[in-house]
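Sharing a structure here in structure tokens format.
The values are calculated or read from the model by the stated rules, or taken from the named source; none is laboratory data. All values reported here derive from a predicted model rather than from experimental measurement. When we count neighbours, we look across all protein chains shown, and the Cβ atoms used for this are built from the backbone with ideal geometry, even at glycine. Note: areas computed on protein heavy atoms with side chains; ligands, DNA, RNA excluded. Shrake-Rupley method; radii C 1.70, N 1.55, O 1.52, S 1.80 Å.
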Amino acid sequence: MPETESHQQQLTDLKHACRALLAAHTEVYVGGNHFLYYDRGDPAHNVAPDVYAAFGVAPGEREFYNAFEEGVFPQLVVEVISKRSRKDDLGKNVARYEAQGVEEYYMCDPRPKMRGRRLHAWRGTCWCRCW
């Protein structure tokens, strides 16, 4: 699905910021905005988080991420909420990521005056709706 230029820029900035923050870790892959497969038996079971980090995985370039081949589903997922993605980001993706063992899930809303809060955070089974 096409994205706005501002959404693309936010994803790029966020991915570079995560890579910079995690640069000291030798075994972490930071990716995003490409297919992430999590079911070896059904490639239709996939997501495309805006930004994610998988710890215990070698860094490097990937065209997509196979959690079942890497041996770990990303532990950190960040979505930049858009009008199109808001319902899924705040709804079914929470359950999907929880089922895959995501430890921290953040949803940033670049337009809080239009949609409410600026940041939504989920950790374990706890919601923290911020700002």
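For a quick check of your reading of the model, give me the residue pairs whose first member lies in the range 8-25 and is without any contact (Cβ under 8 Å) to a residue 60 or more places away in the chain, whose second is among the hydrophobic types (A, V, I, L, M, F, W, C) and open to solvent by less than 100 Å² (accessible area, probe 1.4 Å), with beta-carbon atoms closer than 8 Å and at least 6 apart or on different chains.
Here the result reads LYS15/VAL30; LYS15/VAL51; ARG19/VAL30; LEU22/VAL28; LEU22/VAL30; LEU22/ALA53; HIS25/PHE55, each pair linking the range 8-25 to a residue that is among the hydrophobic types (A, V, I, L, M, F, W, C) and open to solvent by less than 100 Å² (accessible area, probe 1.4 Å).
Something else about it: Mind telling me which of the residues GLU63, GLU98, GLU79, GLU70 ends up being open to solvent by 50 Å² or more (accessible area, probe 1.4 Å), acidic (Asp, Glu), in contact with a Ser or Thr (Cβ under 9 Å, 6 or more places away or on another chain) and on the phi < 0 side of the Ramachandran plot?
Numbers: GLU63 fails: in contact with a Ser or Thr (Cβ under 9 Å, 6 or more places away or on another chain); GLU79 fails: open to solvent by 50 Å² or more (accessible area, probe 1.4 Å); GLU70 fails: in contact with a Ser or Thr (Cβ under 9 Å, 6 or more places away or on another chain).
Only one candidate passes the filter, namely GLU98.
Given the structure, is GLU63 among the charged types (D, E, K, R) and assigned to a loop (DSSP other than H, G, I, E, B)?
Values: among the charged types (D, E, K, R): yes; assigned to a loop (DSSP other than H, G, I, E, B): yes.
In short, yes.
Between a first residue in the range 59-79 that is over 13 Å from GLY101 (Cα atoms) and a second residue that is surrounded by fewer than 19 Cβ atoms within 10 Å (Cβ to Cβ) and among the β-branched types (Val, Ile, Thr), which pairs have beta carbons less than 9 Å apart while being 6 or more apart in sequence or on different chains?
Cβ pairs passing all conditions: PRO59/THR26.
Another question, then. Only one residue in ARG84, ARG117, ARG123, ARG40 is over 17 Å from the mean Cα position of the chain (by Cα) and at pLDDT below 85, so which one is that?
Values: ARG84 fails: over 17 Å from the mean Cα position of the chain (by Cα); ARG123 fails: over 17 Å from the mean Cα position of the chain (by Cα); ARG40 fails: at pLDDT below 85.
The conditions single out ARG117.
Mind telling me which of the residues ALA58, ALA54 ends up being open to solvent by less than 80 Å² (accessible area, probe 1.4 Å), part of a strand (DSSP E or B), farther than 17 Å from LEU119 by Cβ and not aromatic (Phe, Trp, Tyr)?
Details: ALA58 fails: part of a strand (DSSP E or B).
On inspection, the qualifying residue turns out to be ALA54.
So, one more: Can you pull out every residue in the range 4-34 that is open to solvent by 50 Å² or more (accessible area, probe 1.4 Å), part of a loop (DSSP other than H, G, I, E, B) and modelled with pLDDT under 95?
Within the range 4-34, THR4, ALA23, ALA24, HIS25, THR26, ASN33 meet the criteria.
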